[in-house]
Structures are given as C-alpha cells and as structure tokens.
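Input: a single structure, listed below in structure tokens.
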Amino acid sequence: MPVRVYIPTPFRRLVGNQVYVEAQGRNVAEVLDHLGDRFPALRNMIYDESDEIPAHINIYVNNQEIQALQGKQTPLHDGDELAVIPAIAGGEALTPEQVLRYSRHIIMPQVGPVGQRKLMAARVLIIGAGGLGSPSALYLALAGVGTIGIVDFDVVDLSNLQRQVLHQTVDVGRPKTESAKETILGYNPDVNVVIHEGPITSDNAMEIIPQYDVVVNGADNFTTRYLVNDACYFAGKPLVDGSILLFDGQMTVFIPGKGCYRCLFPSPPPPGLVPNCAEAGVLGALTGIIGSLQAVEAIKLILDIGDSMAGRLAIYDALSGEFRTVKVRRDPKCPLCGDDATITGLIDYENFCGAPFPGQDGGEVRS
C-alpha cells in the first residue's frame, strides 16, 4: 500500500528536492526498503553498515517514534504518514550542498555519510605542490578532506605546466603554495588550505608533521625524502610515498612500526648517480597516475577501509603498460625502525645524502 513519507531539508536533494515521496510497504521496514531502492543515496543516509537505522536517525509514524510502537515492524495503513528525522547540530550533519557534492561517495557502502564526515574531519599534509602533489591535493580536496596542508618553497615555472596541474600559465612566477591554494579552493571552497611556505627541514619538520593525520610525499629529492620518512616515524604518522622519473613510477605506504623508507632503501645513491626530472625528464601524465594512487591510499587510511599498500611497493612502467607489486618487509636491522635502532632523532640529512635541502644553500629545484 502507498504511504506518504516526509523528507527533511538536509535529505531533499537526494530525492529530487521533494518534500514528500510515496513508497510502498505493509510496515516501516518495507517502506524504507522501497524508498532505498528508489533513492540509493538516501538509503545510505538512513541505514548504517549493518542495515540498521543509526542512533542519529529517528523514524516517526503519524508523529509517533517507531521505538514506542513496534520498531521497523510497525504496520502501516492507508493514509499513514512516515517521517525521517535526522539529528542536526552545527558541524555534525552534512549540509544539503555537501550531500549533493559528495553523493557519489555517500552511496558507496564503504564510505557512506559516516565515512564522508571522517574525510571532512581529516588533515592531510602534501609535501611539494609539484607533479605528484598536484593530483594528490586535487583529488583529496574533491573527496572532501577537511584540511590540506601544502609545503613548498618554489615559484611556478613555465616548464612545470607540463605536469603540475595545480598551476596555470597565469601563475608563472607566483609561489606554488599560493597558486595551489587558489586552485584547490576553486574546486572545493569548503577545504581549509594551510600554507607552509618554504622547504621542510630538520628545524621545522617536527612542528609541521604532527599537526596532520596522513602525510603524502611528493618531493623528488633524497634529502627531503629521508627527512620526511624519519619525521613521520617519530611523529607516528602514516606516510604515502611516491616517486617518478622518465616513464617509471613507484608508490607505497609506510606505517610507523611496520617498515619505513630506510627498510626499502637503507641509504641514498651517491650524488649525481640518479638524475632528477629536470635532467632526465618525466612523462607528464605519469605524475597523474602515481599522484592519484597516493590520494587513493590516503583516503583508504582515513576511512580505514581495504588493504593499504603498506608492506608493498607498486611499480608502474608506462612504456610497457605494466604494473607490478613487490613486497616490502620491515628490516629488523633498520637504524630507524629496527629492533636496535640507532637513529633516535632527526639527523644531518645534507651530510647523509651529500646534497643540501632544495631551496637552501643553492640547492636545485627537483620537483
């Protein structure tokens, strides 16, 4: 039998901006199921992962809460009215605009409204607003990550535009942090973009990194890479690491206590042995692939879903079009995270890597 269902303002965009909709069913459960079949995004708002009505949603039949009746088995008759009433509190419920913006997330059972609120409460730090940081930052912003920090010291150069999608031609000469913030807010004005102007160094790493939940490393110089790895370990923060050169890309995740960059590469190559992107070049589209994978892994960490890339290294050869995955094991002899660690604080990375931090002491730009 048809039952009229009242839809509150926050949910109306999920049902075509209707105040009332009709649904079929002999009891509350059947009506809600029929409603959910017609409007999948609404179903994910009124049911949790166990297909139960969450505590912040109340269902009323003729202005009586169903828990005072027979719950979801409350029978319905012609002329009855059912109302779906969510709890509303500043900053807690999704606004109608947010429900629409993130509707493709909300209808996914692995995300739903609870997961979307997790994303909106999350803080992610991007190291470098260049080739990898650009797609990572954009997709995290589009996903609704609430706070995105950007660390960069450089200005936009014309040669960057072949791959660094945070920046446009009119941005040439501007600080990358400013251009990045403007672009991110253009896509999603709800994001809080925090600028950390200047290179990340031993002096500021432990001030910046602990402020965030996840760190995405888009730097492509070994001095910064080892520093960020060590700082994330000491701060207890997961690190989503990516690197690119020519047609090759690599990506993995390091969880403190379960392996680190030093377990994978105990020491950097001698200075000058491995060319950087400015010397050897890089396929622009490759940065989009690896940077997007980094964004995916950061989202999975925030939502605590799926199997992260921790313990695995993804390797992509764009020329052959092949992905391969190899295991990365924690090294019990690792000087940072091993059983008898000898590194107990940030070290002299310029001496360790044989190169200064980019942006300091004449260090070259390598992003």
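The values are calculated or read from the model by the stated rules, or taken from the named source; none is laboratory data. Keep in mind that this is a model prediction, so the values were computed, not measured. These area figures cover heavy atoms from the full protein model, side chains too; ligands, DNA and RNA do not enter into them. Shrake-Rupley method; radii C 1.70, N 1.55, O 1.52, S 1.80 Å.
Brief remarks on what is shown
- Value at 222 nm in deg cm²/dmol, rounded to 500, when DSSP H runs of n ≥ 4 in the chain each add -39,500 (n - 2.57): -8500 deg cm²/dmol
- Measuring between their Cα centroids, segment 1-79 and segment 94-134 lie 26 Å from each other.
- GNM flexibility winner over the chain from P86, P238, P54 (Cα, springs under 10 Å): P54
- The angle between the Cα long axis of helix 176-187 and the longest principal axis of the Cα atoms of the chain comes to about 20 degrees, rounded to the nearest 10.
- Cα pair distances of the chain binned at 10 Å [whole percent]: 5, 22, 27, 19, 13, 9, 4, 1, 0
- Restraint check, K181/K237; K176/K327; K181/K258; K181/K327; K72/K300; K300/K333, Cα-Cα greater than 26 Å: K176/K327; K181/K258; K181/K327; K72/K300; K300/K333
- With Cα atoms, 0 to 90° folded angle of helix 112-121 axis to the chain main axis: 40 degrees
- Against the chain, whose longest principal axis is taken from its Cα atoms, helix 284-303 shows a tilt of about 50°.
- With θ taken as phi - 60° and the Karplus curve 6.51 cos²θ - 1.76 cosθ + 1.60 applied, the whole-hertz 3J(HN,Hα) list for segment 320-337 is 8, x, 10, 9, 9, 10, 10, 7, 10, 9, 5, 8, x, 9, 4, x, 9, 10 Hz, x standing for glycine and proline.
- Apolar share of the accessible surface for the chain: 51 percent from carbon plus sulfur atoms, 1.4 Å probe.
- Relative contact order, percent, segment 1-134 [alpha-carbon distance under 8 Å, six or more residues apart]: 28 percent
- GNM flexibility winner over the chain from V111, V215, V194 (Cα, springs under 10 Å): V194
- Working from Cα pairs under 8 Å separated by at least six residues, relative contact order for the chain is 14 percent.
- Close amide-amide hydrogen proximity is noted between G149 and V124, L125, I126, V194, each under 5 Å apart and 5 or more residues distant or on a separate chain (H modeled in the peptide plane; Pro and chain starts excluded).
- Remark: the chain carries 45 Å² of accessible area per residue (probe radius 1.4 Å; ligands, DNA and RNA excluded).
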